[in-house]
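First the structure, in the form of structure tokens, and then the observations on it.
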Amino acid sequence: MQMPKMLNQSDDHTYLSSYFNSYMVKFNDNLFSYRLSGSYLDKTTEFFNNCDNCDFTKGKVKDYSFKMGFEKNFSYGAIQPYFAFDLGYRSDEFSGTLTNANSENYIVSSRNRGFTITPALGLKLNPFREISIFAEGNLEFFYAWGKDTSRDALNNSTEQRFKKGEFLFNPVSVGIQFHIGRSRI
């Protein structure tokens with residue numbers, strides 16, 4: 001998945017792979033599925049800041065989100081394409097060290113918190129009545145407010161506050177759904 005831009009990241013956005021970091025609960029009324037989802041990511045990452053080969057930044061990113069929305073199937077057979085739309089809250093924090101071209105080290109942190117709007121397209125396969133396997137991709141609009149801070153060896157610190165919007169692409173999420181309950185015919 002694509003992560004929000006941290007500090008003055010030169011490669012625009014970072015893609016991180018993760019496993020078993022999202023959970024979703026769906027309630028189905030035979031017309032729509034109402035979705036509640038949450039995710040948590042805690043990984044180390046590294047990137048160049050300001051420009052390629054300028055400031056090397058290494059640290060830990062913590063990202064979590066909570067979303068709610070709906071899902072509408074286009075068909076009701078064994079293969080079900082669907083459209084989904086979620087609204088939510090996301091928090092993204094980075095803390096680490098930055099080494100500039102003069103080999104000076106800084107302690108840096110970046111925090112983004114804001115709201116998300118996420119349309120998604122997906123495909124479900126139903127090999128059994130109680131289980132579905134799904135794959136979906138989405139484009140998330142993330143409007144965030146936050147701050148970037150840095151502190152040098154002499155304990156001089158700077159802080160920059162901002163508000164920004166950005167699009168984050170998640171090419172594919174794959175999962176398994178377990179159907180609990182009975183359908184009435």
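General observations
- Euclidean distance of C-alpha centroids, segment 28-55 and segment 147-177, integer Å: 11 Å
- Under 21 Å of direct C-alpha separation, and excluding same-chain neighbours fewer than eight residues apart, residue 124 reaches these lysines: 26, 67, 72.
- Net charge of neighbours whose Cβ lies under 15 Å from the Cβ of residue 59, counting Lys and Arg as +1 and Asp and Glu as -1: 0
- Cα coordinate range in segment 87-185, projected on the principal axes (Å, largest first): 71, 25, 22
- Calculated log₁₀ intensity ratio I(q)/I(0) where the Debye formula runs over C-alpha points of segment 49-133, q = 0.19, 0.21, 0.22 Å⁻¹: -0.88, -0.96, -1.00
- The orientation-averaged shadow of the Cα convex hull for the chain, equal to a quarter of the hull surface, comes to 11.3 nm².
- Calculated diffusion of segment 1-108, Stokes-Einstein form, Kirkwood radius summed over Cα pairs, 10 °C and 1.306 mPa s, µm²/s: 97 µm²/s
- With contacts taken as Cα pairs under 8 Å and at least 6 residues apart, the chain reaches a relative contact order of 16 percent.
- Net charge dipole size for the chain [Lys, Arg +1 and Asp, Glu -1 on Cβ; Debye, nearest 20]: 840 debye
Coordinate-derived values only; no laboratory data. Every value quoted in this text rests on a predicted model; they were computed, and no experiment measured them. Glycine gets a Cβ as well: all are built from the backbone with ideal geometry, and neighbour counts include every protein chain shown.
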